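Below is one structure, written out as structure tokens, with a few remarks after it.
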Amino acid sequence: MNLPNKLTLVRMILVPVFLLFISVESIPYGFTLATVVFTIAAYTDHLDGKIARRDNLITNFGKFMDPLADKLLVTSALIALVDYNLIGAWIVVVIIAREFAVSGLRTIAASEGVVIAASMWGKIKTTTQIIAIISLLIKLISMKEAYMMDFFQSAPFLSSFFKIFPPVMIYVAVFFTIMSGMDYFKNGWAYIDSNK
């Protein structure tokens with residue numbers, strides 16, 4: 001197994017670690033650790049793609065598993081954030097519904113021997129989702145961990161910024177989620193037609 005695919009598997013392994021830290025409030029600095037783990041996992045997405053393109057290590061495994069690892073990471077974080085009332089459940093439903101729909105399309109295409117790689121719209125979607133989630137995680141830290149609460153109280157600009165930026169970024173992410181889903185179906189409709 002090549003390095004990019006190993007990084008994809010590492011990202012998948014980090015998902016339950018992230019969920020442990022964000023879910024068990026008795027863990028000291030758990031929200032900070034969850035944010036660090038999520039950020040590292042998200043960075044592996046950038047890193048595995050960069051290495052795969054640079055060293056010509058693009059494989060069908062990577063084309064399929066890389067988007068799946070992204071979905072696991074993003075949807076687990078979004079669901080966890082709903083529990084803390086930082087994001088509306090309807091937003092998570094829209095994002096997850098899009099992921100199921102695109103995964104279904106990929107399955108149909110795979111039955112025709114075609115692997116649909118992530119599009120530019122899909123990459124923008126993932127990037128905006130990750131930025132939104134990290135900003136929400138920082139906001140969660142500022143609400144739950146004393147050291148960050150004190151820091152935010154001493155920095156009113158940051159406090160104001162994290163009241164405005166995360167919700168705006170979530171709506172940006174929803175926009176690109178919908179646009180990327182439409183793009184996948186526009187370009188993949190041929191595979192659906194061929195299965196009538």
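Please compute the per residue accessible area over the chain with all protein chains in place, 1.4 Å probe, rounded to a whole number of Å². Spell out each step's value before the answer.
On the way: 10280 Å² over 196 residues.
In whole numbers, the chain has 52 Å² accessible per residue.
Determine the gain in length on full extension of the stretch Thr107-Phe161; use 0.36 nm per residue of separation and subtract their C-alpha separation, reporting nm with one decimal. Mind showing how you got there, number by number?
Working: separation 54, 0.36 × 54 = 19.44 nm, distance 4.12 nm.
So the chain would gain 15.3 nm between Thr107 and Phe161.
Evaluated at 37 °C with a viscosity of 0.692 mPa s, what Stokes-Einstein diffusion coefficient in µm²/s does the stretch 36-102 have when Rh comes from the Kirkwood expression over alpha-carbon pairs?
On the way: Rh = 13.3 Å.
Rounded to a whole number, D works out at 247 µm²/s.
Using only C-alpha positions, report the orientation-averaged shadow area of the convex hull of the stretch 94-184, nm², one decimal.
Numbers: hull surface 26.9 nm².
So the Cα hull casts an average projection of 6.7 nm².
Could you list, bin by bin from short to long, the percent of Cα-Cα pairs of the stretch 1-114 in 10 Å steps?
Per 10 Å bin, starting at zero, the Cα-Cα P(r) for the stretch 1-114 comes out as 13, 37, 35, 14, 2 percent.
Viscosity 0.890 mPa s, temperature 25 °C: give me the Stokes-Einstein translational D for the chain in µm²/s, with Rh taken as the Kirkwood radius over C-alpha pairs. Let's see the in-between values first.
Values: Rh = 17.8 Å.
Stokes-Einstein gives a translational diffusion coefficient of 138 µm²/s.
Can you give me the % of accessible surface on the chain that is carbon or sulfur? Probe 1.4 Å, all protein chains present, nothing else counted.
Values: 7220 of 10280 Å².
That fraction is 70 percent.
Can you tell me what percent of all Cα-Cα pairs in the stretch 131-181 are more than 13 Å apart?
Working: 745 of 1275 pairs.
Of all Cα-Cα pairs in the stretch 131-181, 58 percent lie more than 13 Å apart.
Compute the distance in nm between two label points, each set 7 Å from the Cα along the Cα-to-Cβ direction, one at Ile13 and one at Ser26.
Here the answer is 2.7 nm between the modelled labels.
Relative to the present Cα-Cα distance, how much length would full extension add between Glu145 and Tyr171 at 0.36 nm per residue of separation? Before the final figure, lay out each step's value.
Numbers: separation 26, 0.36 × 26 = 9.36 nm, distance 2.62 nm.
Residue separation times 0.36 nm, minus the Cα-Cα distance, leaves 6.7 nm.
Using a simple spin-label model with points 7 Å from Cα along the Cα→Cβ vector, what separation in nm is obtained for Val93 and Met182?
Distance between the two pseudo-spin positions: 2.1 nm.
Quick check on the chain: helices-only [θ] at 222 nm, where DSSP H runs of length 4 and up contribute -39,500 (n - 2.57) each and the sum goes over total residues. Nearest 500, please. Please report the intermediate quantities before stating the final value.
Numbers: 7 runs with 164 residues, N = 196.
After summing the helix terms and dividing by the residues of the chain, the value is -29500 deg cm²/dmol.
Evaluate the distance, in nm, between pseudo-label points positioned 7 Å from the Cα of Tyr43 and of Trp189 along their respective Cα→Cβ axes.
4.2
Sequence neighbours fewer than 8 away in the same chain don't count; with that in mind, list the lysines whose C-alpha is under 29 Å from Lys123.
Counting by Cα, and skipping residues close in sequence, Lys123 has these lysines nearby: Lys6, Lys50, Lys63, Lys71, Lys139, Lys163, Lys186.
The values are calculated or read from the model by the stated rules, or taken from the named source; none is laboratory data. Just so it is clear, the model here is predicted, and its values are computed rather than measured. All Cβ positions, glycine included, derive from the backbone under ideal geometry; neighbour counts span all protein chains shown. Heavy atoms of the whole protein, side chains included, go into the accessibility calculation; ligands, DNA and RNA do not. Shrake-Rupley method; radii C 1.70, N 1.55, O 1.52, S 1.80 Å.
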